[in-house]
């Protein structure tokens, strides 16, 4: 896609898990992208930014804690559309208890991961058994399609499927607790496991084929809306990727971030740290594979925790202080530019999450490489000027992403009501805000309301940034939060829209928001 074709665009950050249809199984799935992008297209939006859809580690709800950097989480499969599941009766094939649980997760106001995962696993096991019995023996077109998938995706599916099979055979214990030969990933032990666990390996291959097929089909039905993914900086230590490349990771360190706006003490994410010298000796092969995989899935993607590719913050597992690797600016700059170039040259749009404690040289590097970083309105201020005035959005550089917040920040409504009168006055003084409100909205004293919401949103649509992305909560002015960093609680990653995604045209609030966003997109040249 050329720069001219991209042009000025706006879009919405919408976790796939948040957008189920009426008939979905309690969570947004691949099939729901059709209705989601249809609504967005009618709102003049040209991009939807998804959170990672990688398969999550057992017991995890965070899309940033993945058991594979390549596999799509089976949670996102539209099981009702799987031909083999339909052939055995679909939902009618479930037991009374299973159908009761299905209705419960559909009615739940939040994503209830445990029961959803169990129900989809039951349906996919049934479908896999049907495929083995009815398709493979007759060498049907579906059997040929499956074989073709295994051949073209062997570069990642072979390692992943055997890892998942061994993982299941050992009660989902982490690979660091497996027998020594398997733990060490010896060629003989892996080959033996592949033979002994053939049926389980096959099941995971089949599930990924279904996910692959559904994703490929829905890519043809996005109504002109570009699908943007999110490439996590790291996967879980108990993952197929780390198990197969143990020499490229430091398991004695834990990935994290220094103190910043999200945490006064810093964050420890419990994931391994890159052994950058070993990664370089392999010519950054795994990162090249990840770029290839994301190119196959998306029209573009966000690089999560961009600064980590320049300097990674590691916490010792025992005593000791956290530190950066590499440990000097020259090596950090060389590393970061090499890695970012791998992603930038992957053939799709790449944007970079450059938030938190980010050195000036990193942002200067992004500018040289032509990779857009983020401009989060509440943090774009002239920090060295008395009063720390906000930066007017009209001055944001074209090569940037303007936004009201991220999936990690509190929603715009919460931020506005918690900020002081000084900040509100500074916002009201911005030339773009003054021009848009014309004195009709008293931002200085007003609590968050639809007028305040729209003044702030329109100011960003009018910004100089070529790309504007709004979290769905901010579009509507909701106070629901996707995630609260540095915390573990039952609410993180469970947000669902208050209405089914296929019913938005029947909801006056959604219709009004669609109309407003369309008008802004036309007015500011983002259609």
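The values are calculated or read from the model by the stated rules, or taken from the named source; none is laboratory data. Every value quoted in this text rests on a predicted model; they were computed, and no experiment measured them. Neighbour counts are summed over all protein chains in view; Cβ atoms, including those assigned to glycine, are modelled from backbone coordinates with ideal geometry.
Out of everything in segment 393-425 that is assigned to a loop (DSSP other than H, G, I, E, B) and over 28 Å from the mean Cα position of the chain (by Cα), what residue ends up being modelled with the highest pLDDT?
419
Looking at 295, 275, 311, can you tell me which residue is assigned by TED's automatic domain parsing to the domain that holds residue 257 and under 27 Å from residue 227 (Cβ atoms)?
On the way: 275 fails: under 27 Å from residue 227 (Cβ atoms); 311 fails: under 27 Å from residue 227 (Cβ atoms).
Going through 295, 275, 311 in turn, just one is assigned by TED's automatic domain parsing to the domain that holds residue 257 and under 27 Å from residue 227 (Cβ atoms): 295.
State which residue pairs qualify: first residue more than 20 Å from residue 26 (Cα to Cα) and inside segment 111-138, second residue surrounded by fewer than 17 Cβ atoms within 10 Å (Cβ to Cβ) and at pLDDT below 95 in any location, beta carbons under 8 Å apart, and separation of 6 or more residues or different chains.
Close Cβ pairs satisfying both conditions: none exist.
For residues that are farther than 26 Å from residue 519 by Cα and in a helix (DSSP H, G or I), tally how many sit in segment 3-20.
Total satisfying the criteria: 1.
Every residue in segment 237-283 that is surrounded by 18 or more Cβ atoms within 10 Å (Cβ to Cβ), out of contact with any helix residue (DSSP H, G or I) (no Cβ under 7 Å at 6 or more places or on another chain) and part of a loop (DSSP other than H, G, I, E, B), please.
Answer for segment 237-283, where residues must be surrounded by 18 or more Cβ atoms within 10 Å (Cβ to Cβ), out of contact with any helix residue (DSSP H, G or I) (no Cβ under 7 Å at 6 or more places or on another chain) and part of a loop (DSSP other than H, G, I, E, B): 237, 239, 269, 271.
Go through (1) at positive phi; (2) in contact (Cβ under 8 Å) with a residue 40 or more places away in the chain and name the single condition residue 355 misses.
In the conditions (1) at positive phi; (2) in contact (Cβ under 8 Å) with a residue 40 or more places away in the chain, residue 355 misses (1) alone.
Taking the condition touching a helix residue (DSSP H, G or I) at 6+ places or on another chain (Cβ under 8 Å), assigned to a loop (DSSP other than H, G, I, E, B) and at pLDDT 95 or above, does residue 23 pass?
Spelling it out, residue 23 is indeed touching a helix residue (DSSP H, G or I) at 6+ places or on another chain (Cβ under 8 Å), assigned to a loop (DSSP other than H, G, I, E, B) and at pLDDT 95 or above.
Between 149, 163, which is in contact with a helix residue (DSSP H, G or I) (Cβ under 6 Å, 6 or more places away or on another chain), surrounded by 12 or more Cβ atoms within 10 Å (Cβ to Cβ) and under 18 Å from residue 77 (Cα atoms)?
Result of the check over 149, 163: 149.
Hey, could you check segment 131-142 for residues that are within 16 Å of residue 201 (Cα to Cα) and in a helix (DSSP H, G or I) and say which is nearest to the chain's Cα centre (by Cα)?
Filtering segment 131-142 for residues that are within 16 Å of residue 201 (Cα to Cα) and in a helix (DSSP H, G or I), the one nearest to the chain's Cα centre (by Cα) comes out as 131.
Take segment 47-62 and flag every residue that is assigned to a loop (DSSP other than H, G, I, E, B) and surrounded by 23 or more Cβ atoms within 10 Å (Cβ to Cβ). First the steps, then the outcome.
First, the residues of segment 47-62 that are assigned to a loop (DSSP other than H, G, I, E, B): 50-53, 55, 57-62.
Matches in segment 47-62: 50, 51, 52, 53, 55.
Is it the case that some residue within segment 186-199 is under 30 Å from residue 298 (Cβ atoms) and surrounded by 13 or more Cβ atoms within 10 Å (Cβ to Cβ)?
Looking for residues that are under 30 Å from residue 298 (Cβ atoms) and surrounded by 13 or more Cβ atoms within 10 Å (Cβ to Cβ), one finds none in segment 186-199, hence no.
Tell me which residues, restricted to segment 362-394, are over 18 Å from residue 466 (Cα atoms) and surrounded by 14 or more Cβ atoms within 10 Å (Cβ to Cβ).
Across segment 362-394, the qualifying residues are 362, 365, 378, 379, 381, 389, 390.
Would you point out the residue of segment 346-358, among those that are at pLDDT 95 or above and out of contact with any helix residue (DSSP H, G or I) (no Cβ under 6 Å at 6 or more places or on another chain), that is surrounded by the fewest Cβ atoms within 10 Å (Cβ to Cβ)? If you could, list the steps in order and put the result at the bottom.
The initial filter retains those residues of segment 346-358 that are at pLDDT 95 or above, namely 348-354.
Among the residues that remain, those that are also out of contact with any helix residue (DSSP H, G or I) (no Cβ under 6 Å at 6 or more places or on another chain) are: 349, 351.
Working: 349: 20, 351: 24.
Per the stated criteria, the residue is 349.
May I ask you to list the residues in segment 356-374 that are closer than 23 Å to residue 298 by Cα and in a loop (DSSP other than H, G, I, E, B)?
Correct list: 370, 371, 372.
Go through segment 170-183 and give me each residue that's closer than 17 Å to residue 247 by Cβ and surrounded by 14 or more Cβ atoms within 10 Å (Cβ to Cβ).
175, 181, 182, 183 - these are the residues of segment 170-183 that are closer than 17 Å to residue 247 by Cβ and surrounded by 14 or more Cβ atoms within 10 Å (Cβ to Cβ).
Look through 299, 289 and report the one residue that is in contact with a strand residue (DSSP E or B) (Cβ under 7 Å, 6 or more places away or on another chain) and in contact (Cβ under 8 Å) with a residue 12 or more places away in the chain.
On the way: 289 fails: in contact with a strand residue (DSSP E or B) (Cβ under 7 Å, 6 or more places away or on another chain).
After applying the criteria, what remains is 299.
Out of the residues in segment 317-331 that are at pLDDT 95 or above and either loosely packed, with under 13 Cβ neighbours inside 10 Å or in contact with a helix residue (DSSP H, G or I) (Cβ under 8 Å, 6 or more places away or on another chain) (or both), which is nearest to residue 361 (Cα to Cα)?
Per the stated criteria, the residue is 329.
With segment 426-527 as the region, which helices (runs of 4 or more DSSP H) entirely inside it contain at least 2 residues that are surrounded by fewer than 21 Cβ atoms within 10 Å (Cβ to Cβ) and touching a helix residue (DSSP H, G or I) at 6+ places or on another chain (Cβ under 9 Å)?
Answer list for segment 426-527: 431-437, 450-461, 508-523.
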